[in-house]
Amino acid sequence: MAANDKLKETTVSTESIFQGRVISLQLDTVKLPDGTTATREIVKHPGAVAVLAVHEGRLILVDQYRQAMGRCELEIPAGKLEPGEDPAEAAVRELQEETGYRCDKLIHLHSFYTSPGFADEIIHLYLAEQLSPGEMSLDADEFLEVQEVTLEEALDLISEGRIADAKTIMAVYIWQLKVVREQAGASL
């Protein structure tokens, strides 16, 4: 399906509001399709990777405190892309750093925008297969614990709100679809 150019907004000007370590914030003035102008607050993000990794029938999750949520959150391994970094290489790096696991096979599942109404963050979701355990190598400001759960447990954790972030919910449902398709003799 082609883009709908009649709805396109044209950037008139951009003002940098904040420049942080992970994100920046800008205020764009845009010309709307009817010729009037409006402002758009845009969060700029370098992009990220996330990894759906299942070892011996159990999903590998990390339990980490999330200041924005004010609580711990169970999530699939994930992390920010470094400038110019290949997403597949970042996925392998993040999986090893956060969980200790290494993978012999990595499959790109999908890339998606987290909140396109105000942010340009894109997450590249990968499936890691043929895993082998190893040593974690966390960043200095990173404190987390690895947990492994069955599909049924993961679905329960979603129902309970213990898994509440979109990338992990999406990964669990992709895993569920993969299991169902494999049981039916089809591939993902």
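The values are calculated or read from the model by the stated rules, or taken from the named source; none is laboratory data. This structure is a prediction, so every number in the text was calculated from the model and none was measured. All Cβ positions, even for glycine, are placed from backbone atoms using ideal geometry, and neighbour counts span all protein chains on display. We work out accessible area using only protein heavy atoms, side chains counted, and drop any ligands, DNA or RNA first. Shrake-Rupley method; radii C 1.70, N 1.55, O 1.52, S 1.80 Å.
The modelled label-to-label distance between A140 and R102, using points 7 Å beyond Cα along the C-beta direction, is 2.7 nm. Note on the range 20-109: with neighbouring protein chains present and a 1.4 Å probe, carbon and sulfur make up 50 percent of its accessible heavy-atom surface.
Select from the range 127-188 those GluC sites (Glu not before Pro) which occupy a DSSP coil region and have at most 14 other Cβ atoms within 10 Å, ordered by residue number. Kindly include the intermediate steps, with their values, before the conclusion.
Numbers: sites: E129, E135, E142, E145, E148, E152, E153, E160, E182; in loops: E135, E142.
Sparse-neighbourhood loop GluC sites (Glu not before Pro): E135, E142.
Radius of gyration over Kirkwood radius for the range 111-173, both on Cα atoms: the Rg/Rh ratio is 1.00. Measuring gaps between exposed loop sites in the chain (chymotrypsin sites (Phe, Trp or Tyr not before Pro); DSSP loop; at most 14 other Cβ atoms within 10 Å), the longest gap, sites not included, is 1-117.
Indicate the helices, whole DSSP H runs only, in the chain that combine a mean Kyte-Doolittle hydropathy of -0.5 or more with a Cα extent along their long axis of 20 angstrom or more. Helices passing the filter in the chain: 166-183.
Cβ-Cβ distance of K80 and A186, R₀ of 30 Å, FRET efficiency by 1/(1 + (r/R0)^6): the value works out to about 0.30. When its C-alpha radius of gyration is set against 2.2 N^0.38 Å (N residues), the range 48-184 gives a value of 1.00. The charge dipole of the chain, taken about its Cα centre with unit charges on the Cβ atoms of Lys, Arg (+1), Asp and Glu (-1) only, comes to about 660 debye. Pairs of lysines in the chain whose Cα atoms sit within less than 23 Å of one another amount to 11, provided the residues are eight or more positions apart or on different chains. With the charge dipole of the range 5-44 set up from +1 on Lys and Arg Cβ and -1 on Asp and Glu Cβ about the Cα centre, the Cα lying farthest toward the positive end among the listed residues I17, T39, T29 is that of I17. Residues T11, T168 ordered from highest to lowest accessible area at a 1.4 Å probe: T11, T168.
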